[in-house]
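The next block holds one structure in the form of structure tokens; read it before the comments.
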Amino acid sequence: PTEIVCYGMGSPTGSQTSQWQVSLVLEMRDALAPIRVFAFDPVATDTDCKVLDSLGISTISENEQARRMAHEGTVFYMPHCEQFLYENLVAANWTRERLERVVVVGNRFARYREAQGEEEFAKRSPFLDRMLRGGIEAVELPSEKHLRLKHPPYAFTDTCIQYFGCDKLDMIDFSQ
């Protein structure tokens with residue numbers, strides 16, 4: 001990937017959970033270097049933006065509602081975002097070429113379907129539903145219990161890495 005786009009990390013100056021999430025982004029950036037990092041959260045303050053900038057994370061000035069297209073390899077880091085944001089992301093990238101460039105680090109899409117039932121989920125999130133039926137790849141992060149902290153941050157609960165494998169994308173009808 002050439003960039004990480006972060007949505008929904010909250011306020012790093014006002015939330016310890018957000019600080020943990022920013023820490024993970026910095027670790028991903030260092031592991032994937034050289035890579036550009038961008039972030040947006042509607043609750044971010046001017047101070048938050050200055051802090052992120054000092055860490056080398058560029059803030060996105062407008063609320064894209066997670067509709068950014070992946071013109072190159074992109075990791076979308078979306079911890080605990082609302083379902084509609086994941087739906088917007090997949091819909092905005094609804095071509096084989098773009099989806100094979102996308103990696104999502106965020107809530108497991110299948111959990112939304114499990115909570116709502118298949119029919120309701122398909123109505124609310126038709127693009128996510130097609131991805132799940134096509135067989136999206138998902139790798140869960142280790143439990144925060146393994147951090148051996150007195151008070152785990154629960155910043156990464158239900159977080160996994162999801163990507164769209166080329167063999168799975170071949171089985172999806174993108175004409176709809």
## Note on the structure
residue 107 fails exactly one of (1) of a type in the set (S, T, N, Q); (2) out of contact with any strand residue (DSSP E or B) (no Cβ under 8 Å at 6 or more places or on another chain); (3) modelled with pLDDT under 95, namely (2)
#### Entry: Selection within the range 45-66 - of a type in the set (D, E, K, R) and in contact with a Pro (Cβ under 8 Å, 6 or more places away or on another chain)
48
### Query
Just to be sure, is residue 121 open to solvent by 50 Å² or more (accessible area, probe 1.4 Å), among the hydrophobic types (A, V, I, L, M, F, W, C), modelled with pLDDT of 95 or more and part of a helix (DSSP H, G or I)?
no
### Criterion (buried (at least 17 other Cβ atoms within 10 Å of the Cβ) and of a type outside the set (A, V, I, L, M, F, W, C)) met by exactly one of 93, 63
93
### Message
Considering only residues that are in contact (Cβ under 8 Å) with a residue 40 or more places away in the chain and small (Gly, Ala, Ser), which ones fall in the range 64-123?
### Response
66, 73, 106
### Query
Looking at this structure, is residue 27 surrounded by fewer than 20 Cβ atoms within 10 Å (Cβ to Cβ) and in contact with a Lys or Arg (Cβ under 8 Å, 6 or more places away or on another chain)?
no
### Query
Taking the range 1-28, which residues are at negative phi and touching a Cys at 6+ places or on another chain (Cβ under 7 Å)?
7, 25
### Query
Quick one: would you say residue 111 is closer than 20 Å to residue 140 by Cβ, of a type in the set (Lys, Arg) and part of a helix (DSSP H, G or I)?
yes
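The values are calculated or read from the model by the stated rules, or taken from the named source; none is laboratory data. The structure presented is a predicted model; accordingly, all values stated were derived computationally and were not measured. Counting neighbours? That spans all protein chains shown, and the Cβs are built from the backbone with ideal geometry, glycine included. Each accessible area value is taken on the protein alone, full model and side chains, heavy atoms only, with ligands, DNA and RNA left out. Shrake-Rupley method; radii C 1.70, N 1.55, O 1.52, S 1.80 Å.
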